[in-house]
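The values are calculated or read from the model by the stated rules, or taken from the named source; none is laboratory data. Since we're looking at a predicted model, the values are computed, not measured. Methodologically, a virtual Cβ is constructed for each residue, glycine included, from the backbone with ideal geometry; neighbour enumeration extends over all protein chains shown.
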Amino acid sequence: MPKLYIETVGCQMNMLDSELVVASLRKEGYELTASAADADTILFNTCSVRQHAEDKIYSALGRLKNAKRENPNKVIGVLGCMAQKDQGLIFKRAPYVDLVVGPGQLHQVPALVREARAERKPRMEVSLGRTDGSRDAIERSHESFDPLRDPAMRPTPYQAFVRIMIGCDKFCTYCIVPSVRGPEQSRPPAAILAEAQQLAGEGCLEITLLGQTVNSYRYRAGERTWRLSDLIEALHEIDGIARIKFVTNYPKDMTDDLLAAVRDLPKCSKYLHVPVQSGSNTVLKRMKRGYTVEDYREMLARTYESIPGVAVTSDFIVGFCGETDEDFQQTVDLTRESRFKNSFIFKYSERPGTKGAELYADDVPEEVKRRRNNSLLALQNQICEQDNEAFLGREVTVLAEGPSKAAEKRDELGDRLQLTGRTNCDRIVVFEGNRRQIGQFLPIVVYDANAHTLFGEMVTQHVGPEVFGLALPLATPDC
Ligand code: 5AD
Ligand code: SF4
C-alpha cells in the first residue's frame, strides 16, 4: 500500500480540505503514515493568513530536500492557500516540489499525484485570480470540494465540519482570503442536508458549519431564498444530529432571524464567534470592515439580550497600520466591556497582494505589536477566568470528545481516564470518566476552573451495586 503523509496548518476550512484529500487518496489505495520519512507522497496543506504560517511550510519543505534526492520517487505537494498565493514561486524556492495545487483545485489531487509519479514533471493547478476574468469564470475556477467523507480523519467520530460556503467578498484590507479562496459562493441546501444526513448515519452527533462569513449564507432555490437560519432549521430536523455550531460570523450579518434560531433551536450551540478585529473606528475604517464600534456594540447587546447564556468570542488584530496608543486603548476598553468568552489575538502581518499592503505602511514596530498583544491577552485571560469561575458548582451538559491532553500524554490505557469535552456554549470541561462514555452527552458538576478549562465531576446515579454515568440522548439548552 502506498503511504501518505499530510501536514495541515491553518483554519478549520483547511482541516476539512485535508480530510477530503485524504479520503480521495485512500480510495486510490493510500494509507496514512505519521512519518514523512516513510511516505511515498508528502502533502502540505498550507495557510497564507500570516507570514508565520508560510515560513513554517517553507522550512518544512527545506528539510525534505535530501529526502527527495535520495528517493526521487517521492511525490511532494503543496496544497491550499499558499499554493494559490505563491504559485510558481514555490518551485523556485523548493525546486524538488512536484505539485502546487490551490484550494479550488483539490479534486484534482489524486490524478495529479499519479501523473507526477509517472511523468516526474512538476505540475501546478490553481484557480483564476480575482481580476483574471468574469465573475462567473472566476467562480467556476474555484470548485467546492465536498464529495467524500472519511470518518477516520474527522476531529472525532462524533464531530464533523460541513462546508456551507466557499470564498469571501468582504475584502478587509489586511486579508488574503478573498484572493486565495475566491468569490463568495453558497452551497445548495440539498447538498448540505444530504451530507449532514450521511454524517448522522455514520454516528456523528455534532456538526460545525463552515464559511469565512458563514452568516452571509444565501442560496436562491426557485422562489425561495435560504438564509443560514433556514438551513439550521432544516438541519435541526435530522435525527442523530444533536449539536449544531457555525463559524465564522461577520458582525454586519448577525440578523435577528439568526439570533432567534440560535435561541429557539435546542440543538443549536449557544456559542457565536463574531470577530470585531479592533475597538477603534479609525482602524476599522482602514481595515474596511464595513461597521463601526457602535454598530458592533449594538449587535453584541442584541445578541446577549436575545440568547440567555450565550458565549461570544472574537478575533483581534493588534498593530494594524497606523494604530496609535489611543486606538489600542479603545480596543482594550471594548474588550473589557464585551466579556468575550475568549479572544484570538494576532499581530498584524502584512500580506502582499492585499489593499492594506498597497495603501498603508506596516508602521507599528514589532516590539509595540508584541506589547499590545500581550497586554490584550492578559486582559482577556482575566475575563475568561472570572467568567469561568461563575460556573463553579453548576451542572453543565458536556459532549465527551475523547481523552484529555494530559491523559494522552500519560498514554492512559485503562477504561478509567481523564476525558475532555465541551458544553453547549463551547466551554472546555475536563473530568474523570470511562472510555465507553466518549461520544455521550454527560451531566457534569464543575468544581474548579481556570481561564480556559472547567474541571468537573460526573453526576452519577446509583443503580444497584454499580455506578453508571447518566448519558443524555440530546444536547439540552443549558450551557
Ligand atoms: N495579519 C494578522 N492577522 C490576520 N487575520 C487575518 N489576516 C491577518 C493578517 N494579515 C486574522 C483575523 C481573522 C483571523 C482568522 O486571522 O483576526 O479573523
Ligand atoms: Fe478575510 Fe474579512 Fe473575508 Fe474574514 S471577512 S475572510 S477577515 S476578508
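Key figures
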| item | result |
| --- | --- |
| Some residue of region 300-310 being in a helix (DSSP H, G or I), aliphatic (A, V, I, L, M), within 16 Å of ligand 2 (Cβ to nearest atom) and farther than 22 Å from Arg372 by Cβ | no |
| Looking only at region 337-393, and only at residues there that are within 24 Å of Asn424 (Cα to Cα) and acidic (Asp, Glu), the one that is farthest from ligand 2 (Cβ to nearest atom) | Glu389 |
| Any hit, region 25-39, residues being surrounded by 14 or more Cβ atoms within 10 Å (Cβ to Cβ), in contact with a Phe, Trp or Tyr (Cβ under 9 Å, 6 or more places away or on another chain) and within 18 Å of Ile176 (Cα to Cα) | no |
| Matching entry among Leu79, Leu20 (being surrounded by 17 or more Cβ atoms within 10 Å (Cβ to Cβ), modelled with pLDDT of 95 or more, of a type in the set (A, V, I, L, M) and within 27 Å of Pro151 (Cβ to Cβ)) | Leu79 |
| Pairs where the first residue, in region 160-179, is assigned to a helix (DSSP H, G or I) and the second is more than 7 Å from ligand 2 (Cβ to nearest atom), C-beta under 6 Å, 6+ apart | Ser179/Arg130; Ser179/Gly353 |
| Any pair with Cβ under 8 angstrom, 6 or more apart, that starts in region 378-400 at a residue that is over 16 Å from Phe340 (Cβ atoms) and ends at one that is assigned to a helix (DSSP H, G or I) | Ala400/Gln437 |
| The one condition in (1) more than 16 Å from ligand 2 (Cβ to nearest atom); (2) more than 22 Å from the chain's Cα centre (by Cα); (3) touching a residue at least 40 places away in the same chain (Cβ under 8 Å) that Arg130 fails to fulfil | (1) |
| Residue within region 288-298 that is away from ligand 2 (no atom under 16 Å from the Cβ), touching a Gly at 6+ places or on another chain (Cβ under 7 Å), under 30 Å from Leu359 (Cα atoms) and in contact (Cβ under 8 Å) with a residue 24 or more places away in the chain present | yes |
| Test: residue in region 280-291 that is in a helix (DSSP H, G or I), of a type in the set (S, T, N, Q) and in contact with a Lys or Arg (Cβ under 6 Å, 6 or more places away or on another chain) | no |
| Candidate set from region 361-387 (those that are touching a Phe, Trp or Tyr at 6+ places or on another chain (Cβ under 8 Å) and of a type in the set (Lys, Arg)); member that is nearest to Phe328 (Cα to Cα) | Arg372 |
| Cβ-Cβ under 8 Å pairs, at least 6 apart or on other chains, region 346-375 side under 26 Å from Arg130 (Cβ atoms) and free of Cβ contacts under 8 Å to residues at least 60 places away in the same chain, far side acidic (Asp, Glu) and within 16 Å of ligand 2 (Cβ to nearest atom) | Ala357/Glu350; Asp362/Glu350 |
| The listed residue being modelled with pLDDT of 95 or more, closer than 28 Å to Val396 by Cα, within 14 Å of ligand 1 (Cβ to nearest atom) and assigned to a loop (DSSP other than H, G, I, E, B), out of Phe344, Phe340 | Phe340 |
| Output for region 41-71, where each listed residue is within 18 Å of the chain's Cα centre (by Cα), part of a helix (DSSP H, G or I) and among the charged types (D, E, K, R) | Glu54 |
| Some residue of region 93-112 being of a type in the set (Phe, Trp, Tyr) and in contact with an Asp or Glu (Cβ under 6 Å, 6 or more places away or on another chain) | no |
| Given (1) of a type in the set (D, E, K, R); (2) under 14 Å from Gly80 (Cα atoms); (3) modelled with pLDDT under 95; (4) surrounded by fewer than 18 Cβ atoms within 10 Å (Cβ to Cβ), index of the condition Glu7 fails | (3) |
| Yes/no for Phe145 being aromatic (Phe, Trp, Tyr), within 16 Å of ligand 1 (Cβ to nearest atom) and crowded, with 18+ Cβ neighbours inside 10 Å | no |
| Top-ranked residue of region 347-377 - restricted to ones that are part of a loop (DSSP other than H, G, I, E, B), within 12 Å of ligand 1 (Cβ to nearest atom) and among the small types (Gly, Ala, Ser), ranked as surrounded by the fewest Cβ atoms within 10 Å (Cβ to Cβ) | Gly353 |
| Filtered residues of region 139-159 (kept if in a helix (DSSP H, G or I) and either modelled with pLDDT of 95 or more or more than 18 Å from Gln84 (Cα to Cα) (or both)) | Pro151, Ala152, Met153 |
